[in-house]
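What follows is one structure encoded as structure tokens, with my remarks underneath.
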Amino acid sequence: MYILAIETTGAFASAAVTDGSRILAHIQGSDRFSHLQNLMPQVQQVIEESGLSIGDIDAIAVSVGPGSFTGIRIGVSSARGLAQILKVPCIPVSSLQALAMREAANRGTLICPMLDARRSQVYAGGYLIEEGSPIEAVKAGPYTLEEFLDAVKEYDSILIMGDAADVYGTRIAELRTEGISTASEDTRYQHADTVALMGAALLAQGEAVSYEELKPDYMRIPEAERKLKEQKAAAGKGGQEK
């Protein structure tokens, strides 16, 4: 069973191939937000480095969000297209859960992936590592920094991951001064290798879907859609007042 994994929710596109138990090939891009240019060449490269052909791929795991809205759309669309052509299932993987899995050896600490959601918000969740897998202990969702740090206050030790550590690091340190650390740059950001391993575990649990059923998880509506709804609401309110 060979799984191709795609990760585009962060700043760098990434692809990997696993046989279900080990990573056969993995490549991480170095050009920020160049997913359209880099993803398909990366897919081709990891398949070749695995000693496989595209027809050997049995399923496609993809990080469906949260994260960059544009990146999510590129990743999900690419996975859908490949799955349709290859006639294989898709495996939707949470970017937060896959990110937490990068610290799978870290036990006894609440792993807290936090992605910058802008507007002073983060996409975040809290995970405990059990038998090498991240188990959700604090519900994943959109939070303000204050809301999320309040949600994890009962935990004595927390590890922050993701780009929110870069954007809001000073503010996080002000809000919580003890029992908090930040993951090293080696594990802090999204990579396709853990998307691949999470995908293999989810596939074994029967969590695969068809390409038609694969959906993005934005965790909140896109900015353009939000503004459109606000404009429509304002227009409707103005019409009622006349």
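The values are calculated or read from the model by the stated rules, or taken from the named source; none is laboratory data. Predicted model only: the values in this text are computed from it and were never measured. Ideal geometry is used to build each Cβ from the backbone, glycine not excepted, and the neighbour counts take in all protein chains shown. Each accessible area value is taken on the protein alone, full model and side chains, heavy atoms only, with ligands, DNA and RNA left out. Shrake-Rupley method; radii C 1.70, N 1.55, O 1.52, S 1.80 Å.
For region 55-92, the set of residues classified as among the hydrophobic types (A, V, I, L, M, F, W, C), out of contact with any His (no Cβ under 7 Å at 6 or more places or on another chain) and part of a helix (DSSP H, G or I) consists of Phe69, Ile72, Val76, Ala79, Leu82, Ala83, Ile85, Leu86, listed by residue number.
Scanning region 168-183 for residues that are part of a loop (DSSP other than H, G, I, E, B) and open to solvent by 60 Å² or more (accessible area, probe 1.4 Å) yields Thr177, Glu178. Of everything listed in (1) of a type outside the set (Lys, Arg); (2) part of a strand (DSSP E or B); (3) open to solvent by 10 Å² or more (accessible area, probe 1.4 Å), the single unmet condition for Ala105 is (2).
Among the candidates Leu128, Leu175, Leu149, single out the residue that is touching a Leu at 6+ places or on another chain (Cβ under 8 Å), free of Cβ contacts under 8 Å to residues at least 24 places away in the same chain and more than 29 Å from Ile27 (Cβ to Cβ).
Numbers: Leu175 fails: free of Cβ contacts under 8 Å to residues at least 24 places away in the same chain; Leu149 fails: free of Cβ contacts under 8 Å to residues at least 24 places away in the same chain.
Result of the check over Leu128, Leu175, Leu149: Leu128.
Applying the condition of being assigned to a strand (DSSP E or B), of a type in the set (Ser, Thr, Tyr) and more than 15 Å from Leu175 (Cβ to Cβ) to region 127-162 and asking which residue is modelled with the lowest pLDDT yields Ser133. When region 108-126 is limited to residues that are surrounded by fewer than 23 Cβ atoms within 10 Å (Cβ to Cβ), farther than 16 Å from Ser181 by Cα and not hydroxyl-bearing (Ser, Thr, Tyr), the one that is modelled with the lowest pLDDT turns out to be Arg119.
Search region 119-153 for residues being of a type in the set (Val, Ile, Thr) and over 21 Å from Gly108 (Cβ atoms), and hand back the single one that is farthest from the chain's Cα centre (by Cα). Break it down stepwise before answering.
Start the filter on region 119-153 by keeping residues that are of a type in the set (Val, Ile, Thr), which leaves 122, 129, 135, 138, 144, 152.
In the following step, the residues that additionally are over 21 Å from Gly108 (Cβ atoms) were identified as 122, 144.
Numbers: Val122: 13, Thr144: 19 Å.
Ranking the candidates gives Thr144 first.
Which number in (1) in contact with a strand residue (DSSP E or B) (Cβ under 8 Å, 6 or more places away or on another chain); (2) hydroxyl-bearing (Ser, Thr, Tyr); (3) open to solvent by 10 Å² or more (accessible area, probe 1.4 Å) marks the one condition that Ser77 misses? All conditions pass for Ser77, except number (1).
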